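Read through the structure below, which is laid out as structure tokens, and then see the notes.
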Amino acid sequence: MSVQQETARTGAATLRRHIVATELGPCTVRVQQGAGGLPPGSGTPDVYLHGAAGSWTTFQALLSGAPAHDRVLIDLPGWGDSTADARLDQFNIEAMARSVTGVLDVLGYRRWNLVGHSMGGFLALHIAAAWPERTASVAAISATTFGVAEAARRPLRSLSRFPLFVGMLLLMRSMAALGPAGPALVRATGATPVMGPLMSPFFAAPAAISAGAIRGLGQDARPASFSAAAQAAAHYDFGRWRGIRCPVLATRGDSDVFTPASDLVRLAGIVPHVQLVTIPRCGHFANIEQPEYVQRLLDELRS
């Protein structure tokens, strides 16, 4: 695997940018070095995995302050800055997990804390089960698990329970079928005031979300990647998660349209050592809507 580097400043956080070759294509990674003064690649980093409608930027509100450990923010192959040459035809949960752990290997890390939002939470749980000796903890923020997997498998039957997900899935599939014109149309829509009302169901208080955050979510939409992720989740064997050994934090917002309370109950029946938290006044994007609350939970998980 090859690595390229450049240094960039995002808000108060100085990030080093790497491009790492993986089996699913080039993967762009940003690393914020921890305050402990350890050499890059040492220690146990906090690794952030975004959702199927996001990129590393959905975690920007959690980057303030000097971190105790390195922070590793990955644009998964097919999303964000990792879109070029992504091999979506080879996409599955196992290949995505190998891509993530391969990136961490190249960067020199041998153990990690995982923070995943939505699809990223699903992926974090899989990695914890597949590499239990290397995963120190998992924070699954509104992980899209049982309910969304069922909806991806049987969209029409699930329309009454998950109307927003089914509608989004059908839209993304339609946009993906248009080829390059599909993503361009989605991004163009994301830059208009129409995006605010479209995204409002995902937040408990949509009026409080900045226009920049809404535009960012529109720019991050990748129809073909979203569709591939949904297909991969549809036939996943959740029994694998019984092999997770580390502490797990699983959250949802009290207005979460993708992660129902029943998903957390089912998760507790499979995953040992899990802490369940419903975040008040919050929708699906707690990392955007309630970052201080999320950060407190992360600090408690690792203490």
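The values are calculated or read from the model by the stated rules, or taken from the named source; none is laboratory data. Just so we're clear, the structure is a prediction, and the values are computed from it rather than from any experiment. Here the Cβ positions follow ideal geometry from the backbone for every residue, glycine too, while neighbour counts run over all protein chains shown. Ligands, DNA and RNA are stripped out before the accessible areas are found, and what is left, the full protein with its side chains, is counted by its heavy atoms. Shrake-Rupley method; radii C 1.70, N 1.55, O 1.52, S 1.80 Å.
Modelled spin labels at His273 and Ala68, positioned 7 Å past Cα toward Cβ, are 1.7 nm from each other.
Where does the chain land at 222 nm, in deg cm²/dmol rounded to the nearest 500, when only DSSP H runs of n ≥ 4 count, each adding -39500 (n - 2.57), divided by all residues? Can you show the working numbers first?
On the way: 11 runs with 112 residues, N = 303.
Roughly -11000 deg cm²/dmol at 222 nm, from the helical runs in the chain.
Computed from the Cα positions only, the extents of the chain along the three principal axes stand at 50, 41, 38 Å, in decreasing order. Looking at the chain, the accessible area is 41 square angstrom per residue; that uses a 1.4 Å probe and ignores ligands, DNA and RNA. Surface composition of the chain: carbon and sulfur atoms hold 55% of the protein heavy-atom accessible area at a 1.4 Å probe. Our analysis of region 107-259 gives Rg over Rh at 0.99, with the two radii drawn from alpha carbon positions and Rh computed by the Kirkwood formula.
Determine the gain in length on full extension of the stretch Ala191-Leu159; use 0.36 nm per residue of separation and subtract their C-alpha separation, reporting nm with one decimal.
On the way: separation 32, 0.36 × 32 = 11.52 nm, distance 2.82 nm.
Residue separation times 0.36 nm, minus the Cα-Cα distance, leaves 8.7 nm.
Shape of region 168-249 from the C-alpha gyration tensor: oblate (a/c of 1.5 or more and a/b not above b/c, with a ≥ b ≥ c the square roots of its eigenvalues).
The distance between label points at Asn92 and Glu150 comes to 2.5 nm (points 7 Å beyond Cα on the Cα→Cβ vector).
Taking every alpha-carbon pair within region 195-238, the share separated by more than 15 Å comes to 55 percent. Overall, the anisotropy analysis places region 35-146 in the rounded class: the square-rooted eigenvalues a ≥ b ≥ c of its C-alpha gyration tensor yield a/c less than 1.5.
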